[in-house]
Amino acid sequence: MTDKKQTNNFCLRWTGKQRRIGITGGIASGKTVIGDFLFQTKQWPILDADLYAHEALKPESEISKQVLLRYGNKIILNSTKNHQVIDRKALAQIIFQNNYEKDWLEEIIHPFVNKRIEEDLEKFKSNSIIVLIIPLLFEQNYTHLCSEILYIDCSKEKQIERLQKRNGISINEAKQRINAQWDSCFKKQFADFTITNSTDDESWKEELNNLYNS
């Protein structure tokens, strides 16, 4: 999966004055919910890589045009003469069934996401604490942007349940999306802290409060 140089990169951390809390975890582990909780209780700015990725695919963007050129009618949700909207569910079905297509999409979206993260880090540079929610934090080598990394751990069974409920997909499709990501055991060993979110009782709130002295 990784060579020694890349593994060493996972141990890199941001050493500037600003405290940067990187949040990552498997798909449907609850990263956004936990980020929202920190924003509501702490008012810490949240930089969410998934929102930037959605922004990259907005209608008429250059990246959106490239994606539509590649996949055409298979991923068009609705279309007018000058406005085509991508069906994100159809696009997800393509990329999670084909690693080559997944890598292609990530290659064109990643630079945009990176640019937006850098822009917002500059925007919030005067804040003493900031939160970065980055699902592919290790895969895309963002560890150097974080002073600490919080891994949201979740059982595969709960991930499948949440994915089916959230995305309206089959068990097999949910498993495909989970298996498309790096194994959680591998990533957890490089995180600074781990919070478990495998139930619906919100017990993670107490763990989070203890961690950040709420």
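The values are calculated or read from the model by the stated rules, or taken from the named source; none is laboratory data. Worth saying up front: this structure is predicted, and the values here are computed from it rather than measured. With ideal geometry, Cβ positions are generated from the backbone for all residues, glycine too; neighbour counts draw on all protein chains shown.
Things to note:
- Qualifying positions in the range 115-128 - closer than 17 Å to W14 by Cα and either touching a residue at least 12 places away in the same chain (Cβ under 8 Å) or of a type in the set (V, I, T) (or both): I117, D120, L121, F124, K125, N127, S128
- Top-ranked residue in the range 46-95 [being small (G, A, S) and under 24 Å from G26 (Cβ atoms); ranked as surrounded by the most Cβ atoms within 10 Å (Cβ to Cβ)]: A49
- Residue check, T32 over 21 Å from the mean Cα position of the chain (by Cα), part of a helix (DSSP H, G or I) and not assigned by TED's automatic domain parsing to the domain that holds I95: no
- Count of the range 96-107 residues which are exposed (fewer than 15 other Cβ atoms within 10 Å of the Cβ), free of Cβ contacts under 8 Å to residues at least 60 places away in the same chain and over 12 Å from Q140 (Cα atoms): 2
- Meets criteria (within 30 Å of Q189 (Cα to Cα), in contact (Cβ under 8 Å) with a residue 12 or more places away in the chain and not hydrophobic (A, V, I, L, M, F, W, C)) for Q84: no
For every residue, the table says whether it meets (1) touching a Ser or Thr at 6+ places or on another chain (Cβ under 6 Å); (2) hydrophobic (A, V, I, L, M, F, W, C); (3) within 16 Å of L132 (Cα to Cα).
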| residue | (1), (2), (3) |
| --- | --- |
| D48 | no, no, yes |
| A53 | no, yes, yes |
| L57 | yes, yes, no |
| L69 | no, yes, no |
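- The number of residues in the range 100-135 that are in contact with a Gly (Cβ under 8 Å, 6 or more places away or on another chain) and not aliphatic (A, V, I, L, M) comes to 1.
Residue by residue, here is whether (1) surrounded by 14 or more Cβ atoms within 10 Å (Cβ to Cβ); (2) part of a loop (DSSP other than H, G, I, E, B); (3) touching a residue at least 12 places away in the same chain (Cβ under 8 Å); (4) of a type in the set (K, R) holds:
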position	(1), (2), (3), (4)
V131	yes, no, yes, no
E139	yes, yes, yes, no
I160	yes, no, yes, no
A174	yes, no, yes, no
R177	yes, no, yes, yes
I195	yes, no, yes, no
T199	no, yes, yes, no
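- Residue-level analysis places K165 among those that are free of Cβ contacts under 8 Å to residues at least 24 places away in the same chain, assigned by TED's automatic domain parsing to the domain that holds L38 and among the basic types (K, R).
- Selection status of S147, at pLDDT 95 or above, among the small types (G, A, S) and in the same structural domain as I134 (by TED's automatic domain parsing): yes
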